[in-house]
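Below is one structure; the comments refer to it alone.
The values are calculated or read from the model by the stated rules, or taken from the named source; none is laboratory data. Note that the structure is predicted; figures quoted are calculated from it, not measured. Cβ placement follows ideal geometry from the backbone for every residue including glycine, while neighbour counts extend to all protein chains displayed.
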Amino acid sequence: MAGARTFVMGDIHGCVEELDRLLDALAPTADDTVVCLGDYIDRGPSSKGVIDRLLRLQTEGPHCVYLKGNHEDMFLAFLGEPGNYGEAFLYNGGAATLQSYGLQGEMGTLSVAQLPAAHVEFLRALRLRYEHGDFLCVHAGIDPQRPLDAQREEDLLWIREPFILHRHPFLRTILYGHTPQRDVRLDLPYKIGLDTGLVYWNNLSCLELETKELFQIGRGAHSVVRRNLGAAFAHPHTSAAHRPEPSPDR
């Protein structure tokens, strides 16, 4: 649809105030799509508030695409739902999530019945990937040596160096979070990293795909900073036609 915008947002980790201010600046309409790359919970002060805000956004007009992060997957496993590494949930910021719900507990002592039903459904409905034109959105990245239609959930949620440090052969620019960085990581036309460490007192970042405009708000800040990345897209490191195949030893 002409004039429609697509926003892709990095990791939020319980920082609801910054999320709210960023959404106010974006002002998405019913023609727009908001894609969130996962890790809505853990470490920050209000995981429950973040999910409440994302649920409310679904009623405000834009099409919302919410991807699963490794932290949501751990939370589900901790609660006895399908997922992995539930035993690591509390050691990866999960205690802050439980506190935001007025809960505390150990393995086997909590269940989804103790959470708001809408939050449970939100967690269960999270997606692993989303494609928009030449962009593929995932939480952590992809395995460069596996076909896109044969990616493992483990890699989509957890991969780091094998994806970040190596280029891939696919005709897609991968938008990912998961690995916090001081600023947006641009390795065009291969990948863009949008986790800029909000919970570590850095920024929440969001890229508008049509205009290539980047929106950022710092932890505790009240205003959103905007800058255009169009020049980086106009002059990527190498053309898609010359993307190298990954070597078998990577």
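The number of residues in the range 36-55 that are surrounded by 24 or more Cβ atoms within 10 Å (Cβ to Cβ) and either farther than 13 Å from residue 72 by Cβ or of a type in the set (A, V, I, L, M, F, W, C) (or both) comes to 6. Examine the range 72-85 for a residue that is assigned to a loop (DSSP other than H, G, I, E, B), under 16 Å from the mean Cα position of the chain (by Cα) and among the aliphatic types (A, V, I, L, M), and state whether such a residue exists. Within the range 72-85, none of the residues are assigned to a loop (DSSP other than H, G, I, E, B), under 16 Å from the mean Cα position of the chain (by Cα) and among the aliphatic types (A, V, I, L, M). Residue count for the range 90-131 under the criterion of being more than 29 Å from residue 149 (Cα to Cα) and either in contact with a Phe, Trp or Tyr (Cβ under 7 Å, 6 or more places away or on another chain) or part of a loop (DSSP other than H, G, I, E, B) (or both): the result is 16.
If the condition is being surrounded by fewer than 18 Cβ atoms within 10 Å (Cβ to Cβ) and not in a helix (DSSP H, G or I), then the range 6-32 contributes 27, 29, 30, 31. Filtered by the rule that a residue be among the polar types (S, T, N, Q) and over 13 Å from the mean Cα position of the chain (by Cα), the range 184-203 gives 202, 203. For the range 148-188, the candidate set comprises residues that are assigned to a strand (DSSP E or B) and not charged (D, E, K, R); within that set, the residue that is farthest from residue 202 (Cα to Cα) is 173. Restricting the first member to the range 140-160 and to residues that are touching a residue at least 24 places away in the same chain (Cβ under 8 Å), and the second to residues that are part of a loop (DSSP other than H, G, I, E, B) and crowded, with 19+ Cβ neighbours inside 10 Å, the beta-carbon pairs closer than 6 Å and six or more apart or on different chains are 140/159; 140/178; 141/159; 144/168; 157/139; 157/140; 158/140. From the list 53, 43, which residue is charged (D, E, K, R), over 19 Å from residue 114 (Cβ atoms), at pLDDT 95 or above and in a helix (DSSP H, G or I)? Every option except 53 fails the conditions.
Looking only at the range 217-236, decide whether some residue is in contact with a Lys or Arg (Cβ under 9 Å, 6 or more places away or on another chain), surrounded by 16 or more Cβ atoms within 10 Å (Cβ to Cβ), under 19 Å from residue 40 (Cα atoms) and modelled with pLDDT of 95 or more. Yes, some residue in the range 217-236 is in contact with a Lys or Arg (Cβ under 9 Å, 6 or more places away or on another chain), surrounded by 16 or more Cβ atoms within 10 Å (Cβ to Cβ), under 19 Å from residue 40 (Cα atoms) and modelled with pLDDT of 95 or more.
Among the residues of the range 163-182, those that are closer than 29 Å to residue 218 by Cα, aliphatic (A, V, I, L, M) and out of contact with any Leu (no Cβ under 8 Å at 6 or more places or on another chain) comprise 164, 165.
Every condition in (1) surrounded by 15 or more Cβ atoms within 10 Å (Cβ to Cβ); (2) modelled with pLDDT of 95 or more; (3) farther than 21 Å from residue 26 by Cα is met by residue 195 except one, and the failing one is (3). Scanning the range 189-211 for residues that are of a type outside the set (A, V, I, L, M) and part of a strand (DSSP E or B) yields a count of 7.
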